[in-house]
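Values quoted throughout were computed directly from the atomic coordinates according to the rules given, and no laboratory measurement underlies them. No experiment lies behind these values; they were computed from the predicted model shown. FYI the Cβ positions are ideal-geometry reconstructions off the backbone, even for glycines, and counts take in every protein chain you see.
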Amino acid sequence: HESKVNRRYDTKFKEVLGERITAAVRRCMDAGLAPNDDAVTVTVDLRTAMLGLLSSRINEPDLPWPPAVEQIDRFLVKLVGLAPTVTEQ
């Protein structure tokens, strides 16, 4: 999303990516795993968070980042409304 290649307007993958994420979010909502909401809005928020995560890690690699998988889990809990995952110790 941040390269010059991806700034072309004819890049179909962005549209397909958005549609697939929205469909996955809607499936979570329909299954009762996430609160019912506007799936498109939730998808935009989630994509924005993910792009921020990636951009920040690329542009500031020396910061003490938490593990990406933990951060992504928090995004899914806070933005999509999925139940937190339980990790075994």
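Taking packing as the residue-averaged number of other Cβ atoms within 10 angstrom, the listed peptides 49-57, 19-27 run from highest to lowest as 19-27, 49-57.
Between GLU60 and THR11, full extension at 0.36 nm per residue minus the direct alpha carbon distance yields a gain of 14.9 nm.
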